[in-house]
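Notes to accompany the following structure.
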Amino acid sequence: MGAMSVRTPSSKPSEAPHRAGFACFVGRPNAGKSTLTNALVGQKVAITANQPQTTRHTVRGIVHRPDAQLILVDTPGLHKPRTLLGQRLNDIVRTTWAEVDVIGFCLPANEKLGPGDRFIAKELASIKKTPKIAIVTKTDLVDSKTLAEQLIAIDQLGKELGFEWAEIVPVSAVADQQVDLLADLLVPLLPEGPALYPEGDLTDEPEQVMIAELIREAALEGVRDELPHSIAVVVEEMLPREDRPADKPLLDIHAFVYIERPSQKGIIIGPKGARLKQVGIKSRKQIEALLGTPVFLDLHVKVAKDWQRDPRQLRKLGF
């Protein structure tokens, strides 16, 4: 059956060359890409949400190993574009795929292959040079018979489209099964070379983008159905508060939550501002955990009319 991997890699001789390179996980929205990134990196980096299309920026997680450094580029989901934003995202995706060293295609074990998967697989087939690994995610949700059928179907999909998977690996990020194996299989596909990032780095995303993502995730909690992606968050400035003793620093963060229509303002702010206050409390805790310093978070809601369709607004909001 070609490349099936459920095995223990043999211990390599210590003189194996160090490798470093980029991998990117692709898959339909909600295929488990972000959860897998977090499991590999060992810390929450890409934001996970039970709603598609929340990972908008290229968030990279960095896996440091004695023998290699694997840099994970998390592209937004590829989908059939309906808006200018969708088109822009798809362009980013294709450019990223052509530049990375290996692509991991995430397919949930508990869902049969559908048109969305075929759409992505076809796109992948056109990128000839980059090796492709099929990663069957969420294996903790199925029995072994279902899993076997999925593995065979994925193998077939490659054959139909005229390419060979470098590996087909079942994993469960939630149950921590075969996550290390996946890293072991990705590493040999990377080019030889020294580490590209210092040991302590987990992501090269600027802090402001990560903070904006945390606020956005908190703002979407509970209102996703009403405002799925009409929220953008921009961190306008981050300044250390003056006149604070060195042992009691405070960071002032001023951020804007942009929505598309005035009618959405009430949804975000909530009765007497209660929702926005909760959003502030929740995201402030997470920002403080991220930065390791106390934070004063100043949040304002602004209407940016139809920002998803307006190139100027898109640029201003960082897309």
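Evaluate the following for ARG82: is it over 12 Å from the mean Cα position of the chain (by Cα) and either at pLDDT below 80 or of a type in the set (Lys, Arg) (or both)? In short, yes.
Matching residues to (1) under 16 Å from ALA218 (Cα atoms); (2) in contact with a Lys or Arg (Cβ under 6 Å, 6 or more places away or on another chain):
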site	(1), (2)
PRO245	no, no
LEU250	no, yes
LYS277	yes, no
ARG284	yes, no
ILE287	yes, no
GLY292	no, no
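Within segment 298-313, residues that are of a type in the set (A, V, I, L, M, F, W, C) reach partners that are exposed (fewer than 12 other Cβ atoms within 10 Å of the Cβ) with beta carbons closer than 7 Å, at six or more positions or on different chains, in the pairs VAL303/PRO262.
Looking only at residues of segment 27-48 that are modelled with pLDDT of 80 or more, closer than 15 Å to HIS64 by Cα and touching a helix residue (DSSP H, G or I) at 6+ places or on another chain (Cβ under 7 Å), we find that the one that is surrounded by the fewest Cβ atoms within 10 Å (Cβ to Cβ) is ALA39. Of everything in segment 166-178 that is surrounded by fewer than 18 Cβ atoms within 10 Å (Cβ to Cβ) and among the hydrophobic types (A, V, I, L, M, F, W, C), the residue that is farthest from the chain's Cα centre (by Cα) is ALA175.
Checking the condition part of a loop (DSSP other than H, G, I, E, B), in contact (Cβ under 8 Å) with a residue 40 or more places away in the chain and surrounded by 13 or more Cβ atoms within 10 Å (Cβ to Cβ), which residue from LEU181, LEU227 passes? None of the other options fit; the residue is LEU227.
The values are calculated or read from the model by the stated rules, or taken from the named source; none is laboratory data. Everything numeric in this text was worked out from a predicted model, so none of it was measured. Backbone-built Cβ (ideal geometry, glycine too); neighbour counts: all protein chains shown.
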